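Structure first, commentary second.
Derivation of every value follows stated rules applied to the coordinates shown; laboratory data play no part. All of these numbers come straight from a predicted model, not from anything done at the bench. Cβ sites come from the backbone with ideal geometry, for glycine too, and all protein chains shown count toward neighbours.
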Amino acid sequence: MDKETFEIMVMDYLAGEMTVSDKDMFDTLLKENPEYQKTYLDLEASWHSIQKLNSPEPSKKMDDSFFNMLSKEVEKNQANTSKNIVDEWFGWFRPQFALGALLLLIGLGLGYFLSPKEEASTENNVVDIETEEVRQKLVLTLLEQPSANQRLQGVGEANKIAKVDEIVIKALLKTLNSDTNVNVRLAAVESLTNYVDNPLVRQGLVQAIPNQESPIMQITLANLMVALQEKASIEPFKQLLKEQELDTTVKKKIKNSIESII
């Protein structure tokens with residue numbers, strides 16, 4: 001059984017959509033497969049966190065518990081996708097990362113060693129600006145790497161930037177729409193919610209709805225659109241409901257979300 005099929009079964013189970021016989025079979029599956037049981041417990045925890053956000057009050061502030069859940073999910077899967085910590089560490093010494101790390105170190109040191117001591121305040125401002133610029137370049141480099149763990153690190157670096165530019169925002173939106181790893185896409189959503197006042201981000205989040213095939217991503221965006229009370233998301237969600245292969249639990253969630261937004 002592939003991971004996607006098992007995730008859908010878990011959501012049907014948690015939502016009470018299974019028949020008695022299917023439920024018994026699923027219980028047996030969990031008892032006989034410790035690996036499935038662990039995955040189920042992780043998804044169950046995320047499911048309960050998501051359910052707490054069914055009817056948030058309209059606000060531009062995101063629900064902390066929702067994003068804490070996303071953070072934990074990303075951190076958990078960072079560990080799972082990392083086959084060997086030593087291999088990942090040495091991965092930083094590939095040419096791309098050697099360059100990125102070098103640029104970051106140069107950016108951090110330039111102001112301190114080249115600026116006059118009596119201009120400490122100006123020096124700090126210059127260093128901050130240079131560091132931000134170098135960090136943004138590092139983010140763009142990391143997001144293009146083949147390793148999911150490295151791309152997660154790229155999203156993490158983006159969260160450290162005080163004021164991202166349009167290039168980084170577009171890179172995060174691209175990650176949300178096309179990254180092959182669901183955990184990286186979840187991390188991208190969390191990062192983008194820091195900039196929901198930006199029209200480009202809101203528009204990008206809405207446009208990302210039809211591109212998500214993972215049930216977890218579909219539910220995540222549904223909760224986010226309700227929290228934002230984003231009416232522009234209604235039509236993409238309606239289009240999503242027309243898909244024949246859409247999971248019944250996701251359909252129910254999307255319908256409830258549309259009603260909450262309207």
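Report note on the peptides 19-31, 249-261: ranked by the mean count of other C-beta atoms within 10 Å, highest first, their order is 249-261, 19-31. Stretched out straight at 0.36 nm per residue, the stretch from Ser214 to Thr5 would grow longer than its current Cα-Cα span by 74.2 nm.
Once the convex hull of all Cα atoms in the range 168-262 is built, its volume per residue stands at 81 Å³.
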